[in-house]
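Participant: Input: one structure, supplied below.
The values are calculated or read from the model by the stated rules, or taken from the named source; none is laboratory data. Here the structure is a predicted model, which means the values were calculated and not measured. Neighbour counts are summed over all protein chains in view; Cβ atoms, including those assigned to glycine, are modelled from backbone coordinates with ideal geometry. Surface areas here come from the heavy atoms of the whole protein model, side chains and all, with no ligands, DNA or RNA. Shrake-Rupley method; radii C 1.70, N 1.55, O 1.52, S 1.80 Å.
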Amino acid sequence: MSSNVAAVEVSSVRYHGLDALRAWAMSLGIVLHAAWIMVPGEAGAPATDASAHSFFDWLCLAIHTFRMQLFFVMAGFFACLLLRKRGVLKFVKNRFSRIVLPLVVFWILLCPIMMWQYNVAGLRSGAIQSESSAIALTVEFFAAMTPDSTMFLHLWFLYYLAWAYVFTVLA
């Protein structure tokens with residue numbers, strides 16, 4: 001009985017260092033996405049700045065090599081704490097409301113806007129060669145989408161995290 005009390009006390013601890021690490025990794029995301037428009041060539045954004053330099057390609061690569069993996073490791077650590085503290089049913093409810101629901105809502109709201117913005121930038125820069133408007137290209141993109149080709153764009157992390165939680169609960 002005392003071991004259960006100790007487990008609850010341990011899982012109630014706030015890990016301030018991990019909060020700082022998460023904030024640092026989120027800040028690197030801002031650096032990464034700001035540097036992306038400075039990456040020359042096809043790896044760069046649809047509208048690349050005229051002063052693009054290969055340094056920014058290396059910067060993006062350096063940040064990308066560890067940042068998202070770090071988020072997955074931290075998500076696993078906090079999921080383990082949440083499972084121990086609240087149990088499976090409350091864990092599922094929590095992960096549904098904090099991961100799955102935002103994924104669905106923001107996929108519906110943000111992905112069309114992001115695709116439209118991508119098409120606008122691509123048409124203006126000449127990276128996308130088309131007689132169609134950005135709106136027509138965006139509508140065409142979503143009309144041609146199938147369940148096996150669904151793009152979550154920047155929400156891909158939530159998509160894979162949701163699947164990781166499904167496999168965790170099943171295991």
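Participant: If a residue must be over 16 Å from the mean Cα position of the chain (by Cα) and either open to solvent by less than 80 Å² (accessible area, probe 1.4 Å) or touching a residue at least 40 places away in the same chain (Cβ under 8 Å) (or both), how many such residues does the range 35-73 contain?
Facilitator: 20
Participant: Take the residues in the range 113-132 that are in contact (Cβ under 8 Å) with a residue 12 or more places away in the chain and among the hydroxyl-bearing types (Ser, Thr, Tyr); name whichever of them is most open to solvent (accessible area, probe 1.4 Å).
Facilitator: Taking the candidates together, the pick is 118.
Participant: Run residue 93 past the list (1) open to solvent by 60 Å² or more (accessible area, probe 1.4 Å); (2) not in a helix (DSSP H, G or I) and report the number of the one that doesn't hold.
Facilitator: All conditions pass for residue 93, except number (2).
Participant: Does the range 137-171 hold any residues that are more than 30 Å from residue 72 (Cα to Cα), open to solvent by 40 Å² or more (accessible area, probe 1.4 Å), assigned to a helix (DSSP H, G or I) and of a type in the set (A, V, I, L, M, F, W, C), and which are they?
Facilitator: If the condition is that a residue be more than 30 Å from residue 72 (Cα to Cα), open to solvent by 40 Å² or more (accessible area, probe 1.4 Å), assigned to a helix (DSSP H, G or I) and of a type in the set (A, V, I, L, M, F, W, C), then 139, 143 are the ones that fit.
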